[in-house]
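Here the structure comes first, spelled out in structure tokens, and everything after it is commentary.
The values are calculated or read from the model by the stated rules, or taken from the named source; none is laboratory data. Because the structure is predicted, anything quoted here is derived from the model rather than measured. Note: ideal-geometry Cβ built from the backbone for every residue, glycine included; neighbour counts use all protein chains shown.
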């Protein structure tokens with residue numbers, strides 16, 4: 001089946017008299033009457049569930065569905081995107097190594113690397129992965145590379161395919177955060193990545209009503225990640241897994257609308273007075289345009305950013321005038337929201353670090369929803385012009 005159809009059906013095999021919507025199973029524990037049967041399930045030799053921290057039918061459906069969409073052997077669903085990232089890193093690099101991470105990335109990822117992993121002995125190198133020469137030099141000494149399909153917050157697109165080739169030649173695993181693109185728009189495993197992660201809180205869930213993470217990859221790596229996640233208690237609960245799977249069913253149609261709306265807004269913003277720069281990977285002016293056009297042939301999702309003249313005061317005045325758009329620190333919902341990286345996603349960085357990335361006092365990140373594009377554009381126009 002094509003990805004749009006698989007998104008609707010992945011993770012389940014319906015039989016006669018099956019409920020069309022999956023049952024919610026909140027059970028913390030399952031009962032057994034045979035010791036050998038229980039032992040076989042725990043060892044993974046027979047299908048089944050025994051304790052909610054280790055496995056659950058709702059989580060299992062979500063894991064299988066995302067793995068199917070990404071083209072992976074297996075997946076692990078966790079209590080948040082950060083838990084998924086942490087589990088993936090330690091599955092790929094259980095002992096301290098040099099981690100090369102894209103210089104422009106989610107601030108929470110940077111904080112995890114600096115504040116949690118670096119004190120444990122990991123060496124962290126932040127590198128501009130859109131510069132393949134710089135990437136190649138850094139990867140030469142790396143034990144793990146971390147990239148984002150579309151960077152946060154300025155929406156650059158590194159050449160994941162070329163980076164994966166360099167990693168493969170040097171035997172270095174590549175972990176890709178595919179949250180912004182989703183498997184509807186890009187499948188990093190097909191480009192050579194080792195593991196793909198998602199904050200399912202965002203587009204996979206899609207309705208701003210859950211917190212979850214998912215990682216997918218080959219079976220052995222996922223087995224190691226699952227054991228660690230179960231030991232540390234970071235596996236996903238059944239209700240959030242049920243919600244995430246429900247959201248996943250409409251992922252294809254939502255991502256198409258998000259993509260169309262974001263490009264329409266980005267193009268319109270180029271002529272709005274007070275907007276000094278627009279960051280969207282599929283604008284011809286973007287430094288990432290050629291790579292994005294090749295790797296994101298069906299759209300780049302709903303994320304973009306822009307720089308507003310007047311800094312923080314101008315951003316505040318714009319927020320007060322919005323009629324449809326709202327401020328929210330997250331992204332990926334059906335509604336259009338903005339965030340202010342200086343105090344949200346990138347607040348853990350110093351002003352100097354943000355400036356080096358190109359994130360200034362007037363930088364606004366936009367998560368474009370699925371409303372009518374004309375209404376979204378009109379709201380930004382009136383809020384900025386006034």
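Mind checking whether some residue in the stretch 16-23 is in contact (Cβ under 8 Å) with a residue 12 or more places away in the chain, over 27 Å from residue 188 (Cβ atoms) and in a helix (DSSP H, G or I)?
Within the stretch 16-23, not a single residue is in contact (Cβ under 8 Å) with a residue 12 or more places away in the chain, over 27 Å from residue 188 (Cβ atoms) and in a helix (DSSP H, G or I).
Just name the residue that is nearest to residue 59 (Cα to Cα) out of those in the stretch 251-267 that are surrounded by 17 or more Cβ atoms within 10 Å (Cβ to Cβ) and out of contact with any strand residue (DSSP E or B) (no Cβ under 9 Å at 6 or more places or on another chain).
The extreme case among them is 251.
Sort through 83, 77 and tell me the only one that's more than 29 Å from residue 359 (Cβ to Cβ), under 16 Å from the mean Cα position of the chain (by Cα) and in contact (Cβ under 8 Å) with a residue 60 or more places away in the chain.
Answer to the check: 77.
Restricting attention to the stretch 334-349, which residues are in a loop (DSSP other than H, G, I, E, B) and closer than 16 Å to residue 312 by Cα?
Of everything in the stretch 334-349, those that are in a loop (DSSP other than H, G, I, E, B) and closer than 16 Å to residue 312 by Cα turn out to be 340, 341, 342, 343, 344, 345, 346, 347.
Would you check which residues across the stretch 328-343 are touching a strand residue (DSSP E or B) at 6+ places or on another chain (Cβ under 8 Å) and either closer than 21 Å to residue 275 by Cα or without any contact (Cβ under 8 Å) to a residue 40 or more places away in the chain (or both) and list them?
Once the filter is applied, which keeps residues that are touching a strand residue (DSSP E or B) at 6+ places or on another chain (Cβ under 8 Å) and either closer than 21 Å to residue 275 by Cα or without any contact (Cβ under 8 Å) to a residue 40 or more places away in the chain (or both), the stretch 328-343 yields 328, 329, 336, 337, 338, 339, 340, 341, 342.
Here is a check on your reading of the model: is residue 110 within 15 Å of the chain's Cα centre (by Cα) and closer than 17 Å to residue 142 by Cβ?
Against the criterion (within 15 Å of the chain's Cα centre (by Cα) and closer than 17 Å to residue 142 by Cβ), residue 110 qualifies.
Among (1) in contact with a strand residue (DSSP E or B) (Cβ under 7 Å, 6 or more places away or on another chain); (2) touching a residue at least 40 places away in the same chain (Cβ under 8 Å); (3) closer than 28 Å to residue 188 by Cα, where does residue 325 come up short?
Of everything listed in (1) in contact with a strand residue (DSSP E or B) (Cβ under 7 Å, 6 or more places away or on another chain); (2) touching a residue at least 40 places away in the same chain (Cβ under 8 Å); (3) closer than 28 Å to residue 188 by Cα, residue 325 misses just condition (3).
Mind listing whichever residues of the stretch 87-107 are over 24 Å from residue 131 (Cβ atoms) and surrounded by fewer than 24 Cβ atoms within 10 Å (Cβ to Cβ)?
The answer is 90, 94, 95, 96.
Would you be able to say whether some residue in the stretch 147-164 is surrounded by 24 or more Cβ atoms within 10 Å (Cβ to Cβ), free of Cβ contacts under 8 Å to residues at least 60 places away in the same chain, in a helix (DSSP H, G or I) and assigned by TED's automatic domain parsing to the domain that holds residue 84?
Yes - at least one qualifying residue is present in the stretch 147-164.
Applying the selection to the stretch 87-125, what residues are part of a loop (DSSP other than H, G, I, E, B) and at pLDDT 95 or above?
93, 94, 95, 96, 97, 121, 122
Can you list residue pairs whose Cβ atoms sit under 9 Å apart, with the first residue in the stretch 123-144 being on the phi > 0 side of the Ramachandran plot and the second being assigned to a helix (DSSP H, G or I)? Count only pairs 6 or more apart in sequence or on different chains.
If the second residue must be assigned to a helix (DSSP H, G or I), no pairs are left.
Looking at the stretch 283-333 only, could you name the residues that are part of a loop (DSSP other than H, G, I, E, B), surrounded by fewer than 17 Cβ atoms within 10 Å (Cβ to Cβ) and under 20 Å from the mean Cα position of the chain (by Cα)?
297, 298, 328, 329, 330
Give the stretch 24-43 a look and list any residue that's in a loop (DSSP other than H, G, I, E, B) and surrounded by fewer than 15 Cβ atoms within 10 Å (Cβ to Cβ), or say none.
Those that are in a loop (DSSP other than H, G, I, E, B) and surrounded by fewer than 15 Cβ atoms within 10 Å (Cβ to Cβ): 24, 26, 27, 28, 31, 32, 33, 34.
So in the stretch 362-386, with the set limited to residues that are at pLDDT 95 or above and part of a loop (DSSP other than H, G, I, E, B), which one is surrounded by the most Cβ atoms within 10 Å (Cβ to Cβ)? Show your work before the answer.
If we filter the stretch 362-386 for residues that are at pLDDT 95 or above, which is where we start, we get 362-384.
Imposing the further condition that a residue be part of a loop (DSSP other than H, G, I, E, B) reduces the set to 362, 368-372.
Numbers: 362: 22, 368: 28, 369: 23, 370: 21, 371: 16, 372: 12.
Ranking the qualifying residues of the stretch 362-386, first place goes to 368.
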